[in-house]
Amino acid sequence: MRSLARGVEPSHRLDALLNPGSIAVVGASRRAGTVGNAVMRNLLAGAYPGRLAAVNPGYAEVEGVQCLARISDLPFAPEQIIFAIADARIEPALEEAIARGMRSCVIYSALVLADDGDPPLQERVRRRLEAAGVFACGGNGMGYYNFTRSIWACGFDTRAHRTGGNVVLLSQSGAGMSGILDVEERLDFCLAVSPGQELTVTLEDYLDYALEQRETRVVGLFLETSRAPERFIASLRKARARRIPIVAVKTGRTGLAREFARSHSGALSGSDAVYDAVFEKFGVQRARDMDDLVAALIMHAQPHAPGAGGLVTLHDSGGEQQLLVDLAAAEGVPLTTLTSESTQVLQSLLDPGLPAVNPLDAWSAGGTGYHHRMAECFEVLLRDPGAALGAVVHDRGPGGRLHAGYVEYLRRGHAASGKPVFLVAATQGVASDPLVLETTRAGFPVLDGVATFLRGAKALLSFRDFLDRREPRPPVPDEPVVSRWRRRLVSGSAPGEAEALRCLSDFGVPAVAAHQCGALEETLERAEQLGYPVALKTAQPGVTHKTDMGGVHLDLVGAAALSGAYADLLRRLGPSVTVSAFVPDPAVEMFLGMRRDPQFGPVIIMGFGGIHAEVLNDVITALPPFDAATAERMLGRLRLRALLDGVRGTPGVDIGAFCRAAASFSALAGALGDLILELDVNPVRVRPVGCTAVDALMIMVPATGSPIREPE
């Protein structure tokens with residue numbers, strides 16, 4: 001059936017679910033407080049334009065809508081059926097609905113039965129829906145709202161909503177959806193979905209639908225996990241192409257489920273870090289909590305794009321001015337340094353003793369022209385070429401009310417510059433003021449809490465910078481090199497350290513020359529070829545962290561020193577060793593790692609390494625492949641980044657060389673990452689000129705999907 005609500009929008013495969021032309025509510029009820037009554041009232045409150053019927057043998061009508069005894073009695077084949085019934089009744093009702101021609105459904109219940117069989121109810125329902133090709137929202141969800149199409153398919157109380165919204169909210173937490181949508185009147189939504197168990201339709205499907213709708217300006221996600229990572233990535237690419245910001249609350253920062261890892265790479269990267277890497281690559285702005293999510297959505301939903309530069313703010317308090325400076329530094333929000341022209345104009349407007357700086361305390365002793373001068377100062381701030389956006393940071397008045405004069409500052413500042421402007425109070429409001437909604441809906445958002453506002457401002461500026469960033473140009477490895485190493489790795493045997501280092505070198509990662517040996521004579525011969533000094537390390541199978549086992553001897557000069565070191569390793573660990581060129585100081589030890597994430601495939605970990613890699617845990621995670629410029633930008637997030645520039649008389653090191661090595665390493669991961677479980681390059685010794693990988697551990701993924709274990 002063609003949807004009566006569809007209008008001129010292009011079709012999408014989820015139209016049958018999110019834009020159905022007919023709906024039947026099974027379990028419709030007259031009893032207030034029930035799901036069956038709430039969903040009927042919501043559909044009517046939203047002025048659903050399609051054909052609507054109720055199904056319940058106990059009534060002839062519900063809320064003025066005709067009610068039939070059975071699904072089979074419906075006079076039309078319903079495009080969607082909403083099940084407001086208990087789990088014990090769902091299976092026979094589902095069969096009847098499929099037989100009547102249902103194309104989509106909404107299930108609110110948890111699909112859990114006491115003393116259930118195997119497979120359980122949820123899985124039985126999933127299989128039946130998939131076999132019938134039915135799109136399902138739920139179970140164990142709140143339903144959905146398609147406000148643009150006037151469809152309120154939710155079985156729970158809500159507030160009055162306006163049409164014409166531009167915000168999408170997709171929440172894998174039902175309470176996460178209702179807690180924002182039912183309360184936050186400053187946001188006007190076009191679509192909101194609680195996917196629930198995602199039986200046949202996942203969050204990624206809803207995201208794709210939302211990005212296809214012309215009214216969508218910003219998308220908010222409450223994300224527990226991605227059930228379809230490839231489609232999630234495809235949707236993020238689409239959002240980038242359409243310049244639609246996505247703001248996400250992602251649960252799971254703590255208590256990470258780490259895989260058993262034999263290398264530093266596995267120990268240093270958990271699933272949450274991988275999501276951070278996904279978000280960074282595709283410009284998703286991560287919100288700390290629900291308050292931050294709301295603030296960022298409000299700020300992205302306003303119609304004005306930020307300019308170049310940073311934040312300017314107007315204050316009527318020196319103390320709050322100073323507080324903002326501290327908070328902005330903590331949140332990483334850049335504050336604009338005003339031009340001399342702006343400073344001169346401000347000096348002519350300010351009372352004596354007030355410095356013409358940003359943030360600007362423009363408090364005046366009073367007088368009839370006070371509000372006019374404040375507005376003029378805000379105009380000057382926003383006209384500065386280094387101002388991207390501006391905020392009037394003034395507290396609310398008595399009873400939590402807004403001073404109307406503050407709103408005029410916003411209007412004049414925006415009119416003078418075209419830039420986004422915000423009214424921010426230092427504390428949470430304690431009363432509802434109609435002027436808050438009126439001002440926000442006029443495109444000048446009102447927010448409470450300076451730190452929350454600053455995190456929203458950072459999201460705005462970060463997304464601006466993401467859109468301006470050029471596409472990475474990662475190195476492309478030679479096809480013969482890729483083919484040769486793929487043939488080698490599919491053989492199933494795990495490369496030793498020397499061979500792993502050769503693989504790195506072939507892909508453009510500078511690595512020491514190394515040889516694996518099984519006897520003293522061979523070791524001495526290889527050392528002569530390399531030239532002293534050399535390093536000697538155990539290569540015994542089963543020994544992964546060599547330093548922990550006392551399996552490393554460095555800076556060996558001459559055959560006598562090498563023979564003594566070999567004797568020590570032979571006695572304690574065994575005859576197999578790796579001899580390699582020794583890389584002298586001065587150097588900073590860095591780390592490159594790759595691990596295969598079960599959701600997103602190969603990921604890169606890089607940061608400070610050496611024997612303290614896991615203790616420092618100062619690393620970043622990125623999706624391969626990337627270029628050297630991307631690597632350098634990401635290194636700026638390391639806590640110890642300043643060490644690379646040199647401190648207290650130590651020389652700086654060749655950051656560019658390390659970043660080029662990291663880019664080549666990411667190309668290796670892109671080419672071979674389906675065959676490698678973990679690749680640990682630690683340390684990479686970064687010197688004033690150049691860098692060199694001096695140790696490597698490679699763990700393979702066999703056809704069985706479990707890591708190859710070397711014989712003990």
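The values are calculated or read from the model by the stated rules, or taken from the named source; none is laboratory data. Since the structure is predicted, the reported quantities are computational estimates derived from the model, not experimental observations. Positions of Cβ are generated from backbone atoms using ideal geometry, with glycine treated the same way; all protein chains shown enter the neighbour counts.
Here are the numbers:
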quantity: Scope region 17-41; condition farther than 15 Å from residue 83 by Cβ and of a type in the set (S, T, N, Q); matching residues; calculated: 19, 22
quantity: Selection count where residues are at pLDDT 95 or above and assigned to a loop (DSSP other than H, G, I, E, B), scope region 317-340; calculated: 7
quantity: Criterion: in contact (Cβ under 8 Å) with a residue 40 or more places away in the chain and farther than 24 Å from residue 200 by Cβ - qualifying residue of 75, 49, 20; calculated: 49
quantity: Failed item, numbered, when residue 226 is tested on (1) crowded, with 20+ Cβ neighbours inside 10 Å; (2) modelled with pLDDT under 95; (3) not in a loop (DSSP other than H, G, I, E, B); calculated: (3)
quantity: Residue list for region 325-347, filter: within 37 Å of the chain's Cα centre (by Cα), surrounded by 20 or more Cβ atoms within 10 Å (Cβ to Cβ) and without any contact (Cβ under 8 Å) to a residue 60 or more places away in the chain; calculated: 336, 338
quantity: Subset of region 626-649 that is assigned to a helix (DSSP H, G or I) and charged (D, E, K, R) - its residue that is farthest from residue 684 (Cα to Cα); calculated: 633
quantity: Residue tally, condition in contact (Cβ under 8 Å) with a residue 24 or more places away in the chain and either under 22 Å from residue 44 (Cβ atoms) or within 30 Å of the chain's Cα centre (by Cα) (or both), over region 112-133; calculated: 3
quantity: Residue 52 being of a type outside the set (Lys, Arg) and under 24 Å from residue 13 (Cβ atoms); calculated: yes
quantity: Residue check, residue 151 of a type in the set (Val, Ile, Thr), under 29 Å from residue 183 (Cβ atoms), touching a Pro at 6+ places or on another chain (Cβ under 9 Å) and surrounded by 23 or more Cβ atoms within 10 Å (Cβ to Cβ); calculated: yes
quantity: Residue selected from region 279-324 under the condition aliphatic (A, V, I, L, M) and closer than 21 Å to residue 364 by Cβ, by the criterion surrounded by the fewest Cβ atoms within 10 Å (Cβ to Cβ); calculated: 323
quantity: Residue check, residue 494 among the aliphatic types (A, V, I, L, M), under 30 Å from residue 577 (Cα atoms) and either surrounded by fewer than 16 Cβ atoms within 10 Å (Cβ to Cβ) or within 33 Å of the chain's Cα centre (by Cα) (or both); calculated: no
quantity: Some residue of region 464-476 being at pLDDT 95 or above, basic (Lys, Arg), in a helix (DSSP H, G or I) and more than 18 Å from residue 678 (Cα to Cα); calculated: yes
quantity: Qualifying residues in region 588-626 (those that are over 20 Å from residue 698 (Cα atoms) and buried (at least 21 other Cβ atoms within 10 Å of the Cβ)) - the one nearest to the chain's Cα centre (by Cα); calculated: 626
quantity: Selection count where residues are in a helix (DSSP H, G or I), buried (at least 17 other Cβ atoms within 10 Å of the Cβ) and either touching a Gly at 6+ places or on another chain (Cβ under 7 Å) or not hydrophobic (A, V, I, L, M, F, W, C) (or both), scope region 556-576; calculated: 2
quantity: Residue within region 51-60 that is surrounded by 16 or more Cβ atoms within 10 Å (Cβ to Cβ), small (Gly, Ala, Ser) and more than 28 Å from residue 116 (Cα to Cα) present; calculated: yes
quantity: Any hit, region 527-538, residues being out of contact with any Phe, Trp or Tyr (no Cβ under 6 Å at 6 or more places or on another chain), assigned to a loop (DSSP other than H, G, I, E, B), surrounded by 14 or more Cβ atoms within 10 Å (Cβ to Cβ) and outside the structural domain of residue 690 (by TED's automatic domain parsing); calculated: yes
quantity: Considering residues of region 209-249 that are in contact (Cβ under 8 Å) with a residue 40 or more places away in the chain and among the charged types (D, E, K, R) only, the residue nearest to residue 272 (Cα to Cα); calculated: 224
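Here's the yes/no breakdown for (1) closer than 15 Å to residue 457 by Cα; (2) at pLDDT 95 or above:
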position: 377; (1), (2): no, yes
position: 393; (1), (2): yes, yes
position: 396; (1), (2): no, no
position: 401; (1), (2): no, no
position: 404; (1), (2): no, no
position: 408; (1), (2): no, yes
position: 417; (1), (2): no, yes
position: 422; (1), (2): yes, yes
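Residue by residue, here is whether (1) farther than 25 Å from residue 331 by Cα; (2) part of a helix (DSSP H, G or I); (3) not assigned by TED's automatic domain parsing to the domain that holds residue 377 holds:
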residue	(1), (2), (3)
411	yes, yes, no
422	no, no, no
428	no, no, no
435	yes, yes, no
439	yes, yes, no
444	no, no, no
456	no, yes, no
